[in-house]
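First the structure, in the form of structure tokens, and then the observations on it.
The values are calculated or read from the model by the stated rules, or taken from the named source; none is laboratory data. Note that the coordinates shown come from a computational prediction; the quantities given were computed from them, not determined experimentally. Cβ placement follows ideal geometry from the backbone for every residue including glycine, while neighbour counts extend to all protein chains displayed.
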Amino acid sequence: MSKNTANQPSQKQSKWALPTIGFVVLAFIIGIFFLKRPGESNAPQTTPAAVKTPETVYADPNLAPAPITRPASEKLTMEVNKAVMVTAELDFGPKVPSIAQALNEIDRRYQPADGQGRTFAILDAYGEPTPTGKLHISMHVSSEKPGHGALVFRRTGEILWDSAITPVPGAPSGKNLTVQIGEPQKASWMVDGSNGATSILDAKLRDQPMTVRDFWPDGAERQVTFVYSACGCPVNVMVRRLGNRTVRTKELPVIFPDDPAAVETIKALMKW
């Protein structure tokens, strides 16, 4: 398992507003609002499981031979509004699931310092089966508020990531969705949602006298970048325009698995 700190983009971005979690978004929203994070008001709080150091495992309990010891997972510390990449190989048995299915078997454990809400979010995830029949998975994790966070593989209890999250004075707490479209081997352009477009193709390009429809040729594949995180980290997907709609040309990465309202907004905007 490896963990690498992700870089934060510094470019100023045009913002798309999102509704409160739990409300299915069918229209593209004008203006800038903060999205309430899931569980802030009434979701039950989950405390990370206690970790024993070391854990003792016997090969045969009836014979009680000399124990094999396994050290506890490495405990980390990171600041609010930062990100790490958590990578692991998971054993699901003879049938290896998809990345989306595997994410449902990875528990998110939050212990917020203020006792409310969550402390981190998975932004995207990708991976593939290994030659040995396991699933190699990488998860982009963004810290959101002070406290503690952990990712645990439910089948085995393996701790994939375990971190204290420390505060940063003056760190912003809100998140807004921004969208950027890139030309092959050229610059990327920010999408401006101020005209209230309900389709990405009818939205304008920021600082350009054209709509996305004029900019994006029918049948062309483009990299579309979404930013919806406390860390400001980009999530990139490959997308093809087909007439008045768009389609993803690659299944991975799984995007924003912890923010279903953001995903619904994106689907409505992209006409997926």
Exercise for the section: Given the conditions (1) crowded, with 16+ Cβ neighbours inside 10 Å; (2) farther than 15 Å from Leu160 by Cβ; (3) modelled with pLDDT under 95, report the number of the one that Pro65 does not fulfil. Expected result: (1)
Handout entry: Verdict on Arg248 being charged (D, E, K, R), touching a strand residue (DSSP E or B) at 6+ places or on another chain (Cβ under 9 Å) and at pLDDT 95 or above
Key = yes
Practice task
Determine if the stretch 185-201 includes at least one residue that is basic (Lys, Arg) and either in contact with a Lys or Arg (Cβ under 6 Å, 6 or more places away or on another chain) or surrounded by 17 or more Cβ atoms within 10 Å (Cβ to Cβ) (or both).
Solution key: no
Fill in the blank from the handout: Within the stretch 182-230, residues assigned to a strand (DSSP E or B) and among the basic types (Lys, Arg) come out as Lys204, Arg222
Exercise for the section: Take the stretch 156-206 and flag every residue that is in contact with a Gly (Cβ under 7 Å, 6 or more places away or on another chain) and of a type in the set (A, V, I, L, M). Expected result: Ile165, Ala203
Exercise for the section: Read through the list (1) under 17 Å from Ala230 (Cβ atoms); (2) of a type in the set (Asp, Glu); (3) part of a strand (DSSP E or B), then give the number of the only condition that Glu89 fails. Expected result: (1)
Exercise for the section: May I ask you to say which residue of Ile181, Ile99 is within 25 Å of Phe226 (Cα to Cα), among the hydrophobic types (A, V, I, L, M, F, W, C) and out of contact with any Ser or Thr (no Cβ under 7 Å at 6 or more places or on another chain)? Expected result: Ile99
